[in-house]
Amino acid sequence: MGKYQELAKDIVKNVGGKDNVTGLVHCITRLRFTLKDESKAKDDVLKNMSGVVTVMKSGGQYQVVIGNHVAEVYEDVCPLLDLKESQTQTVEEEQPKKLLDKAIDVVSGIFQPILSIMAACGMLKGFNTLFATLNLYPESSGIYLIINAAGDALFNFLPLFLGYTAAKKFKLKPMLGLAVGAAMCYPGIQLSAVSAGAEPLYTILEGTMFASPVYLTFLGIPVISVDYTGTVIPVILAVWFASKCEKFFSRFIPDLVKFFFVPMLTLLVALPVTLIFLGPIATFGSTLISQFTLGIRSFSPLLAGAVVGLTWQILVIFGMHWGFIPVYINNVMTLGYDNVMMPFFACTFATSAVVIAIFFKTKDKKLKEMAIPNFISGIFGVTEPAIYGILLPLKTPFIISCIAGGIGGAFYGHFNFRKFIMGGMGIFELPNMMNPDGSMGNIIVAFVGILISMAAGFVLTMIFYKDKEVVTPAASNSDEQIAKQETSLGDSASNGESQLVSPLKGSIVKLEDVQDAAFSSGALGKGVAILPEEGVLYAPVDGTISALFPTGHAIGITSVDGLEVLLHVGMDTVQLEGKGFKPLIQQGDQVKKGQKILEFDTKLIQNAGYSLVTPVLITNFMQYGEIAVTQEAKVTAGATLLRIQKQ
């Protein structure tokens, strides 16, 4: 239970108790109950309750309006109701998403919190290797070891960090996610620990590519030993499964002992399932991919190199690149070199080139700030910060980096590019590519491949990458018309004033005339409403998308000067479940004033019986003084709509 548990109890009690509730979802401002008997709900008590804005009844739902923190209240209400999971889902869970978009959203959301430290650790490792190579200090020195410890901290214990961030993504208690990640790094169950000086009990799947020695059993079930340090997919699967276990146990464990019994049972179930099933499945997937690549190489080295270069970063995202490591080690130890895995070397530099091209091409300050450290980290061989922080969220640059990696990989495959000594990352791998016989052919291939990969990545990015379009929608209107609307609010803005431009073209509707008490009362925010004439919504301020409801009908933006803006397209349009709405941004995106952020089908919304009236609200209005609204009857997108006096 969270900080709203008392409010949650009072709400459930006054909607008629848990037995009167047959369903619950929430939108961006309100809890939406489906009640057996609405007459049992105590409207007046709820309306006067601290923490409740108002109560409304619409579309067969009993709506308790909460405000911006509705999601937190929802989390505390759900455990109080005897509902199946399908009856207590958010609107987000009801909406089908494209598989790729869903995967990107999950992976990006999990890695976003650790991107800065990941880039920092990569740069530390790179510089440390550089300084040791330049003989500024030996690798045995305390300086090298301590700096290397700082650089390796995240990468060696990546499951701990991902356990924590994945728990937040999957709505598991973060400390429980951290415990799952820590257990997966526990020395006693790692492959190197259990196999050192010991004979395996037996080998399962012997005679197949998945043959695995077994050193441990759990209740007689074989535990395939895998080194999970530095892996990605196993811990994400583990935390996802743990989140399901926690929800399951929370329903049945009495509140008196829930505090410690739920996490205990969750760990007791989730960890064995992960170590016995989920982890090995991810490992077998890696093995399958590596064997597939070996088969292609026997047919065409050029094609195999292209496949490795093209798919390597996709494998890195899902942690499946580890399937190549045994092949790599075996080749170096038995043949004296590896030429199967090495085409991936092109990806390091293709990624770095794409990042630096974005630096030159983008006007987004945040992207520019991220590009340089991620470029340096990539050159040093640590590309994850660039992948998760820049390329993957932008999608097109990620595709470009894969293509450029494939081009460089094909070159390396065709010319039998090899690595003779294990170790090193990025540019610091180059000494290990010197042919032992002293010939320079292989190292020349290495440098030419770097140039090809970087040139391909840079040029393709400069040609095909486009910054998110910033539109000045009012440009089609006469300057005189825009000037008229702006001057209707008075003289030019003073230093103590913020401005908000119209996100729509349409007719002004006074907030008090909106047919929804939650908006018309001003309890959710101060501002104005617009009846749109076209189905395009633009950003009214420069800022960050702080909230994007999955249905697309409601968007929150926090401006660069602190305004918290809520744009709610239509009345009760959450009931459309996303039909007719096409968001052009994602939560966390930086937007510019006038940038197109949403398209919506006005005819579909009206034909479904919903009003198009769109409130434009300042939700943190209490931090400001007077909010002046345009006096014009109609407004053009991009013209000044509100002027907000700072206190």
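Would you call Q63 within 21 Å of T551 (Cβ to Cβ), touching a Gly at 6+ places or on another chain (Cβ under 6 Å) and either at pLDDT 80 or above or open to solvent by 50 Å² or more (accessible area, probe 1.4 Å) (or both)? Against the criterion (within 21 Å of T551 (Cβ to Cβ), touching a Gly at 6+ places or on another chain (Cβ under 6 Å) and either at pLDDT 80 or above or open to solvent by 50 Å² or more (accessible area, probe 1.4 Å) (or both)), Q63 does not qualify.
Before we move on, is I28 modelled with pLDDT under 85 and of a type in the set (A, V, I, L, M)? The answer is yes for I28. Among the conditions (1) part of a strand (DSSP E or B); (2) open to solvent by 60 Å² or more (accessible area, probe 1.4 Å), V45 misses just one, which is (1).
Of all the criteria given as (1) of a type outside the set (D, E, K, R); (2) surrounded by 15 or more Cβ atoms within 10 Å (Cβ to Cβ); (3) closer than 24 Å to F284 by Cβ, the one not satisfied by Y164 is (3).
Close contacts from the stretch 546-559, counting a first residue that is over 14 Å from G588 (Cβ atoms) and a second that is aromatic (F, W, Y), with Cβ to Cβ under 9 Å and a gap of 6+ residues or different chains, come to T551/F581; G552/F581; G552/F600; H553/F581; H553/F600.
Inside the stretch 588-647, can you point out the residues that are of a type in the set (G, A, S) and farther than 20 Å from K505 by Cα? Listed by number, the residues that qualify are G588, A608, G609, G625.
Taken over the stretch 349-373, the criterion of being open to solvent by less than 10 Å² (accessible area, probe 1.4 Å) and not small (G, A, S) is satisfied by F349, T351, V354, V355, I358, T362. Candidates in the stretch 548-587 are the residues that are open to solvent by less than 30 Å² (accessible area, probe 1.4 Å) and among the polar types (S, T, N, Q); of these, the one that is farthest from L504 (Cα to Cα) is T551. When the stretch 393-442 is filtered for residues that are among the hydrophobic types (A, V, I, L, M, F, W, C), under 15 Å from G309 (Cβ atoms) and open to solvent by less than 50 Å² (accessible area, probe 1.4 Å), the ones remaining, listed by number, are F398, I400, C402, A404, A410, F411, F417.
For beta carbons closer than 8 Å, sequence separation of 6+ or different chains, a first residue in the stretch 248-269 that is farther than 15 Å from K171 by Cα and a second that is outside any helix (DSSP H, G or I), the qualifying pairs are F261/I253; L265/I253. Per this entry, A346 is counted among residues that are under 20 Å from L430 (Cα atoms) and either among the charged types (D, E, K, R) or in contact (Cβ under 8 Å) with a residue 40 or more places away in the chain (or both). On the given criteria, is V53 over 26 Å from K247 (Cβ atoms) and of a type outside the set (S, T, N, Q)? Yes; evaluated as a whole, the condition is true for this residue.
Pairs linking a residue in the stretch 283-306 that is over 29 Å from T229 (Cβ atoms) and modelled with pLDDT under 80 to a residue that is in a helix (DSSP H, G or I) and among the aliphatic types (A, V, I, L, M), with Cβ atoms under 6 Å and 6 or more positions apart or on different chains, are I296/L303; I296/A304; I296/V307. With respect to (1) open to solvent by less than 40 Å² (accessible area, probe 1.4 Å); (2) modelled with pLDDT under 85, the lone exception for K3 is condition (1). Is it the case, given these coordinates, that V257 is buried (at least 20 other Cβ atoms within 10 Å of the Cβ) and in a helix (DSSP H, G or I)? Against the criterion (buried (at least 20 other Cβ atoms within 10 Å of the Cβ) and in a helix (DSSP H, G or I)), V257 does not qualify.
Taking each residue of the stretch 7-18 that is closer than 12 Å to F33 by Cβ and looking for partners that are assigned to a loop (DSSP other than H, G, I, E, B) and of a type in the set (D, E) with beta-carbon atoms closer than 8 Å, six or more apart or interchain, yields G16/D37; K18/D82. Across the stretch 232-254, the number of residues qualifying as over 25 Å from the mean Cα position of the chain (by Cα), part of a helix (DSSP H, G or I) and either among the aliphatic types (A, V, I, L, M) or modelled with pLDDT of 90 or more (or both) comes to 2.
I'd like to check something: does the stretch 611-626 contain any residue that is in contact with an Asp or Glu (Cβ under 9 Å, 6 or more places away or on another chain), of a type outside the set (S, T, Y) and in a loop (DSSP other than H, G, I, E, B)? Yes, there is a match, as at least one residue in the stretch 611-626 is in contact with an Asp or Glu (Cβ under 9 Å, 6 or more places away or on another chain), of a type outside the set (S, T, Y) and in a loop (DSSP other than H, G, I, E, B). Taken over the stretch 341-399, the criterion of being among the charged types (D, E, K, R) and assigned to a helix (DSSP H, G or I) is satisfied by K361, K365, K366, K368, E369, E384. Among the residues making up the stretch 585-610, those that are without any contact (Cβ under 8 Å) to a residue 60 or more places away in the chain, at negative phi and part of a loop (DSSP other than H, G, I, E, B) are Q587, A608, Y610.
Number of residues in the stretch 499-533 that are in a loop (DSSP other than H, G, I, E, B) and under 31 Å from the mean Cα position of the chain (by Cα) equals 5. For the condition farther than 22 Å from V55 by Cβ, open to solvent by 50 Å² or more (accessible area, probe 1.4 Å), among the charged types (D, E, K, R) and modelled with pLDDT of 90 or more, E533 qualifies.
The values are calculated or read from the model by the stated rules, or taken from the named source; none is laboratory data. Quick caveat, the model's predicted, so the values are computed rather than measured. Neighbour counts run over all protein chains shown; Cβ positions are idealised from the backbone, glycine included. Accessible surface areas use protein heavy atoms only, side chains included; no ligands, DNA or RNA. Shrake-Rupley method; radii C 1.70, N 1.55, O 1.52, S 1.80 Å.
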